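This report refers to the structure that appears directly beneath it.
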Ligand code: SF4
């Protein structure tokens, strides 16, 4: 692991420990749990949509096997909402866009970054491309609520540019924690940015699509981004071929064409 990435991972871990009530570490490496009430996180929170959800998660008092506060998506979401690691994105965002869907989904759709509509609503894939993704999901015989949808970065890049490699790296810890909690069987990468992010490759989407890849125990399928399909409708046939590969492997009925 490179030193910058290691620093970010440690920073995220310490923040996580802090929200779990760890107040300090001793030279021997043991940890101390704060006895005071958890600090309120409501300041700095711009979206205002998830504070009560996170508070509910914290108030459940669930602990893991080490006696630490149990990690939940609500806790990660709250940390994301306060994250200031990417200066340019923080300066331009209306709110963070964490992810949406079934927290126990077998299938995760992994996109690039929030756009204008997503930044406004705080929900991924709600613009024109998002509506097309919904149609693709429904064509598979599923609903949006059956799957989980997230992006490589949680904040909108200005002018809808691609998220920079360092921004994706900054956000990777959040992504990894989301995926660890959701624990999907399948991940469908939408477009080149998430495909390269997850597969750690420089290959083009044209080379990556059409087969299932194996990454960290997930079956990963790469296909074109719905925004690309809006500009190039003829590519829809390739996406449908890719979805059929997923459907067959997932045991979903594939309609005869
Ligand atoms: Fe933080 Fe991710 Fe937003 Fe960057 S994109 S500021 S790492 S939440």
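The values are calculated or read from the model by the stated rules, or taken from the named source; none is laboratory data. If you're wondering where the values come from, they're calculated on a predicted model, not measured in any experiment. Positions of Cβ are generated from backbone atoms using ideal geometry, with glycine treated the same way; all protein chains shown enter the neighbour counts.
Laid out as a table, the results:
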{"item": "Selected residue (criterion: surrounded by the fewest Cβ atoms within 10 Å (Cβ to Cβ)) from residues of the range 220-236 that are part of a loop (DSSP other than H, G, I, E, B) and out of contact with any strand residue (DSSP E or B) (no Cβ under 7 Å at 6 or more places or on another chain)", "result": "232"}
{"item": "Qualifying residue in the range 72-91 (condition: more than 28 Å from residue 144 (Cβ to Cβ), surrounded by 16 or more Cβ atoms within 10 Å (Cβ to Cβ) and either in contact with a strand residue (DSSP E or B) (Cβ under 6 Å, 6 or more places away or on another chain) or at pLDDT 75 or above (or both))", "result": "yes"}
{"item": "Members of the range 204-219 that are outside any helix (DSSP H, G or I) and surrounded by 12 or more Cβ atoms within 10 Å (Cβ to Cβ)", "result": "204, 209, 210, 212, 213, 215, 218, 219"}
{"item": "Residues satisfying the stated conditions in the range 76-123, i.e. within 9 Å of the ligand (Cβ to nearest atom), out of contact with any helix residue (DSSP H, G or I) (no Cβ under 6 Å at 6 or more places or on another chain) and without any contact (Cβ under 8 Å) to a residue 12 or more places away in the chain", "result": "87"}
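Matching residues to (1) farther than 16 Å from residue 227 by Cβ; (2) near the ligand (Cβ under 9 Å from one of its atoms); (3) at pLDDT 95 or above:
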| residue | (1), (2), (3) |
| --- | --- |
| 144 | yes, no, yes |
| 155 | yes, yes, yes |
| 173 | yes, yes, yes |
| 179 | yes, no, yes |
| 185 | yes, no, yes |
| 189 | no, no, yes |
| 192 | no, no, yes |
